[in-house]
Amino acid sequence: MGILDKEFTESNIIITKFDDLMNWARLSSLWQMTFGLACCAIEMMATSASHYDFDRFGVIPRPSPRQADIIIISGTVTLKMALRIKRLYEQMPEPKYVISMGSCATCGGPYWNHGYHVLKGIDRVIPVDVYVPGCPPRPEALLEGLLKLQEKIRNESHVKKQV
Amino acid sequence: MTTTEILEILKEKFSVEQFEIQSNIGGEILIVPSNVLLDLCFFLRDDERLAFDSLMNLSGVDLADGEKKKLEDGSFEIVGGHLATYYHLHSFKHNHKLTLKVLLPRENPVVPSVERVWRSADWHEREAYDLFGIVFEGHHNLKRILLPDDWDGYPLRKDYKVQEFYQGMKVPY
Amino acid sequence: MISDQLAEILGNKIIAYLITAAIPLFLFLVPYALYAVYAERKVSAFMQDRIGPNRVGPKGLLQTIADILKLIQKEDIIPKSADKPIFVMAPYVVFMGTFAAFAAIPFSSVFIGSNINLGVFYIMAVSSFSVIGILMAGWAGNNKYSLYGAMRSVAQIVSYEVPALLAIVSAVMVIGTLNLNEISEMQTARFWNWWIFGGPLQGIQKFLLIVPMLVAFVIFFVASLAEVNRTPFDIPEAESELVAGFHTEYTGMKFAIFFLAEYGNMFVVSAISTAIFFGGWQSPFGYLGNSFSIPLLVPIEQVFWFLFKSLSLVLVQMWLRWTLPRLRVDQLMAVCWKYLTPYAFVNLVLIGIISLI
């Protein structure tokens, strides 16, 4: 199916070149807010290191939430920390994205049954765009999660309403 | 120095009829009542032959030796029985160890704080308070350390039930 | 000249001169900053044994353009309790301090924004403007970490002015003029006439001057690293120390302007070092235009040599950033007041004695 066919069946609007340009800009320079909580943080650091380099995709770590586009929640989220994550998420400027990395951030992980202090999945607090499963996910898995996020951004549109 | 020898030394200053030695796999435990605890700890630290200058660990334990009552929703509640605090002491000077145990009533678990004897007891006692509800008298800042300040209940007790919601977030799976 | 023709068209000399001077400089600054960021990422990557950006365009060349386009799309957040006018003005004040210094930089013998006789003095004075901007940025964010970053930055920049200026004064004492164009013209013909090798003097004075000039250059370079807030002196924007220092609260385009100002500052400082110590726009071994007798080629070659030398110094600054660890703030102050300033004084006296020979 060509681009035109896809658009006409969905909403009668053709994605313009401006949209493509803006989406390309957003997905090529996703600045990451450094937020590592537990073991998955080590895998995230490994992904930023030389063997699997994150910087190739334009992802640089920024310490302040105000300058970040994407927050990768890596590690176990306790209830005490969840309040702070919510605050940091609200401080990020739009358009922002969330990758939930690892089993703990997706669904509570190994602590799902007896972990009284663990939030069973960060999506109970903030909206998540991509879930990366694994305990911890390998750097390749995290990179695939990033690529899926880029694909999601590529199909976004300023013209159509967001779901 | 073994625990029995230490008990001989303690006989000089304290009435040791209430002290008991319990044998355990890792060594022997000296069970003391809570009213002599503070003086005992000062003596253990300051006496030359004993010189216990380091509190290695202070932890609480739920002995769950009370009566288990079943409630309507299938869970159970323990009434009566004891909580305990364990103190693991070590001496750098003489290289010997001692374990103390204090039994506390479950309904009102109050024990004097040994913070002024060994500073490391500060956070250990806050943890025991946080997770068991054991109140340490004389502690300068007894509040929760691991869980958030407005948490309900004491999780490491055997009859703890997870709360449904915490500040709008659903807690159980 | 172009500026006079434009003045006739517009009828107003001031605007015409402004356009001929400011627009080319701005058109130089923006692509330079874009590719300086790209170069920094690639250089840091190669030093850390990884590959920098290579997906975005061919070899990652379009990376910074994507960054800028993304920053334009970002929501512009002004914190509710921030001091709004100061918050909005701060990035522009910092940028102003940088851009105004571009006016006196000698790109070639025919193009210089302003050929004032106080060139060096003017540049050092105007680049201190960014101190106010940084303080405004830290204060207006209403965030105690930004304020810490801003205070430390002010202390650092103001203290490091002293050794920087002392080093420049010691060099200027021998050179005799503050006009950057004249300084560049003095270092003619061959590279051993550059001031860092003793200058276009004859006899024993030249050989005696080599070591003190080298020391003066090193002191000036180190002090200027602190002026620009680059590692090892980047406490004000240190990541692990202060979240992001004085630009914590800035999003989107305002943050991009801070970045632009930082890279512009790096270039200004490198340009001054080049002009004073390394021969400015002089080529190390004569001009191709002269040997092929195409006189038009000579200014272009001069621009090429000037940019080559300045950008090499910028590269050295980036190299230092990714090699050295960061200095703590008390160590930073100690380096300035206990080491650099006394050395600069001794150097000044030494050069003074040598210039009397």
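The values are calculated or read from the model by the stated rules, or taken from the named source; none is laboratory data. As the structure is a prediction and not an experimental result, all values here were calculated from the model. Every residue, glycine as well, gets a Cβ built from its backbone with ideal geometry; the counts of neighbours run over all protein chains shown. Ligands, DNA and RNA are stripped out before the accessible areas are found, and what is left, the full protein with its side chains, is counted by its heavy atoms. Shrake-Rupley method; radii C 1.70, N 1.55, O 1.52, S 1.80 Å.
If amide hydrogens are placed 1.01 Å from N in the peptide plane, which non-local residues have theirs closer than 5 Å to the one on A:Tyr97?
A:Ile70, A:Ile71
Among the GluC sites (Glu not before Pro) in region B:124-158, which ones are in a DSSP loop with at most 10 other Cβ atoms within 10 Å of the Cβ? Mind listing them?
The qualifying sites: there are none.
Output needed for region C:29-107: three equivalent-ellipsoid semi-axes, defined as square roots of 5 times the C-alpha gyration tensor eigenvalues, in descending order, whole Å.
29, 21, 12
List, by residue number, every residue in region C:52-100 with a reduction of 40 Å² or greater in accessible area between the chain on its own and the complete protein assembly, 1.4 Å probe.
Residues of region C:52-100 that lose at least 40 Å² of accessible area once the other chains are added: C:Arg55, C:Val56, C:Ala66, C:Leu69, C:Lys70, C:Gln73, C:Lys74, C:Glu75, C:Ile77.
Antiparallel as a % of all DSSP beta bridges within chain A, to the nearest 5?
So the antiparallel bridges amount to about 5 percent of the total.
Which whole-number percentage describes the relative contact order of region B:3-170, with Cα contacts under 8 Å and a sequence gap of 6 or more?
19 percent
Using a 1.4 angstrom probe on the protein heavy atoms only, could you order C:Ile132, C:Ile123 from most to least accessible area?
I get C:Ile132, C:Ile123, largest accessible area first.
Scan region B:138-173 for trypsin sites (Lys or Arg not before Pro) in coil per DSSP, keeping those whose Cβ has at most 11 other Cβ atoms within 10 Å, and list them by number.
Taking region B:138-173 and a limit of 11 other Cβ atoms within 10 Å, the loop trypsin sites (Lys or Arg not before Pro) found are B:Lys143.
Which residue, chosen from A:Val118, A:Val130, B:Pro172, occupies the Cα position most advanced towards the positive end of the dipole of the protein assembly as shown, where the dipole is computed from +1 (Lys, Arg) and -1 (Asp, Glu) charges on Cβ about the Cα centre?
Value: A:Val130.
Sorted from largest down, give the three principal axis spans of the alpha carbons of the protein assembly as shown, whole angstrom values.
So the three principal-axis extents are 110, 81, 45 Å.
Got a number for carbon plus sulfur as a percent of region B:1-89's accessible area, 1.4 Å probe?
Within region B:1-89, the accessible surface is 50 percent carbon and sulfur.
Calculate I(q)/I(0) for chain C by the Debye formula, one identical point scatterer on each C-alpha and no solvent, and give its log10 at q = 0.07, 0.09, 0.13 Å⁻¹ to two decimals.
-0.32, -0.54, -1.11
Could you compute the FRET efficiency for C:Leu324 and B:Ile21, with r as their C-beta to C-beta distance and R0 at 60 Å, rounded to 0.05?
Approximately 0.50, to the nearest 0.05.
At 1.4 Å probe size, with the rest of the protein present, what percent of the exposed accessible area of region C:81-356 is carbon and sulfur atoms?
74 percent
So how do B:Lys101, B:Lys11 rank on accessible area, 1.4 Å probe, biggest first, that is with the largest at the start?
My answer, sorted largest first, is B:Lys11, B:Lys101.
If you keep only loop residues by DSSP, which chymotrypsin sites (Phe, Trp or Tyr not before Pro) in region A:95-137 have at most 15 other Cβ atoms within 10 Å of their Cβ?
Passing both the DSSP loop test and the Cβ count: A:Trp112.
Starting at the first residue of region A:127-142, write each ³J(HN,Hα) from the Karplus equation 6.51 cos²θ - 1.76 cosθ + 1.60 with θ = phi - 60°, in whole Hz, x for Gly and Pro.
3J(HN,Hα) across region A:127-142, in whole Hz: x, 9, 9, 10, 9, 10, x, x, 9, x, x, 5, x, 5, 5, 5.
Accessible area per residue of region C:113-166 at 1.4 Å probe, in Å²?
For region C:113-166, the solvent-accessible area averages 42 Å² per residue.
Ignore the peptide's own chain and count Cβ atoms of other chains within 10 Å of each Cβ in C:308-317; give me the average, rounded.
0
Would you mind telling me the antiparallel percentage of the DSSP bridges in the protein assembly as shown, rounded to 5?
Looking only at bridges with both residues in the protein assembly as shown, the antiparallel portion is about 60 percent.
Only Cα pairs under 8 Å and at least 6 apart count here; give the relative contact order of region C:1-73 as a rounded whole percent.
Relative contact order, region C:1-73: 17 percent.
Given a 1.4 Å probe and no ligands, DNA or RNA in the count, how much accessible surface is buried by A and C, both sides, to the nearest 100 Å²?
Buried area (both sides, nearest 100 Å²): 2700 Å².
If you build the convex hull over the alpha carbons only and average its shadow over all orientations, what do you get for region C:1-73? Give it in nm² to one decimal.
Projected area, direction-averaged: 7.3 nm².
Given a 1.4 Å probe, how much area per residue of chain A is accessible, in Å²?
47 Å²
Put simply, what bits of region A:40-71 lose 30 Å² or more of accessible area when the other protein chains are there, versus the chain on its own (1.4 Å probe)?
In region A:40-71, residues shielded by partner chains: A:Ser50, A:Asp53, A:Asp55, A:Arg56, A:Phe57, A:Arg62, A:Pro63, A:Ser64, A:Arg66, A:Gln67, A:Asp69.
Equivalent-ellipsoid semi-axes (√(5λ), Cα gyration tensor) for region C:141-200, whole Å, largest first?
Ellipsoid semi-axes (Å, largest first): 38, 11, 10.
What FRET efficiency do you get for C:Val110 and A:Met45 if R0 is 60 Å and r is their Cβ-Cβ distance, rounded to the nearest 0.05?
Taking R0 as 60 Å, the efficiency between C:Val110 and A:Met45 is 0.70.
Work from the charge dipole of the protein assembly as shown (Cβ charges, +1 for Lys and Arg, -1 for Asp and Glu, about the Cα centre) and give the residue of B:Val79, B:Thr4, A:Phe57 farthest towards its positive end.
With unit charges placed on the Cβ atoms, the residue in question is A:Phe57.
With θ set to phi - 60°, apply the Karplus curve 6.51 cos²θ - 1.76 cosθ + 1.60 along region C:314-331 and write out the HN-Hα couplings as whole Hz, x wherever there is a Gly or Pro.
Here the 3J(HN,Hα) series is 4, 5, 5, 4, 5, 4, 5, 4, 8, 10, 8, x, 8, 7, 6, 5, 6, 5 Hz.
Which residues of region A:106-122 show a drop of at least 10 Å² in accessible area when all protein chains are present, compared with their chain alone (probe radius 1.4 Å, heavy atoms only, ligands and nucleic acids excluded)?
Checking the loss per residue gives A:Cys107, A:Trp112, A:Tyr116, A:His117, A:Leu119, A:Lys120.
Please report the spacing between the Cα centers of region C:141-170 and region A:96-135 in Å, no decimals.
44 Å
At what distance in angstrom do the alpha carbon centres of region C:260-304 and region B:1-50 lie from each other?
Comparing the Cα centres of region C:260-304 and region B:1-50, I get a distance of 85 Å.
Could you work out [θ]222 nm for the protein assembly as shown from helices alone, using -39500 (n - 2.57) per DSSP H run of at least four and dividing by all its residues? Round to the nearest 500 deg cm²/dmol.
The per-residue figure over the protein assembly as shown is -15500 deg cm²/dmol.
Which length gain, in nm to one decimal place, applies between B:Glu77 and B:Asp47 when the Cα-Cα distance is subtracted from 0.36 nm times their residue separation?
6.4 nm
Can you tell me which aspartates and glutamates have their Cα less than 13 Å from the Cα of C:Lys70? Leave out same-chain residues fewer than eight positions away.
Straight-distance partners of C:Lys70: A:Asp19, A:Asp20, A:Asp69, A:Glu94.
Taking the Cα centre of each part, how many Å lie between region B:81-124 and region C:53-73?
61 Å
Quick check on chain A: what are the equivalent-ellipsoid semi-axes from the Cα gyration tensor, as sqrt(5λ), descending, whole Å?
Each semi-axis is √(5λ); the values are 29, 18, 15 Å.
With every protein chain kept in the model, how would you rank C:Ile257, C:Ile157, B:Ile25 by accessible area, 1.4 Å probe, largest at the top?
B:Ile25, C:Ile257, C:Ile157
Roughly how crowded by other chains is peptide A:27-33, in terms of the mean Cβ count from those chains within 10 Å of each of its Cβ atoms?
Taking all residues of A:27-33 together, the mean is 5.
With a 1.4 Å probe and all protein chains left in place, how much accessible area per residue does region C:1-73 have, in Å²?
About 56 Å² of surface per residue is accessible.
Which whole-number percentage describes the relative contact order of region C:81-356, with Cα contacts under 8 Å and a sequence gap of 6 or more?
26 percent
How are the Cα pair distances of region B:3-170 distributed, in percent, across 10 Å bins from 0?
Result returned by the calculation: 9, 35, 32, 16, 6, 1.
Pull out a ≥ b ≥ c, the square roots of the eigenvalues of the alpha-carbon gyration tensor of region C:1-147, then state rounded if a/c is under 1.5, prolate if not and a/b is larger than b/c, and oblate in the remaining case.
oblate
Just to verify a number: FRET efficiency for C:Leu10 and A:Tyr52, C-beta to C-beta distance, R0 = 56 Å, to 0.05?
0.50
Only bridges whose two residues both fall in region A:70-139 count here: according to DSSP, what percent of them are antiparallel, nearest 5?
10 percent
Which of the peptides C:277-284, C:194-201 is most tightly packed, and how do the rest follow, going by the mean number of other Cβ atoms within 10 Å of each residue?
The most tightly packed comes first, giving C:277-284, C:194-201.
Among the lysines, select those whose C-alpha is under 23 Å from the C-alpha of B:Lys161, and discard any that sit fewer than 8 residues away in the same chain.
In chain and number order, the partners are A:Lys80, A:Lys120, B:Lys68, B:Lys69, B:Lys70, B:Lys143, B:Lys170.
Using the Karplus curve 6.51 cos²θ - 1.76 cosθ + 1.60 with θ = phi - 60°, what ³J(HN,Hα) values do you get for each residue of region B:70-79, in whole Hz, with x for Gly and Pro?
Each residue of region B:70-79 in turn: 7, 9, 5, 8, x, 7, 10, 10, 9, 10 Hz.
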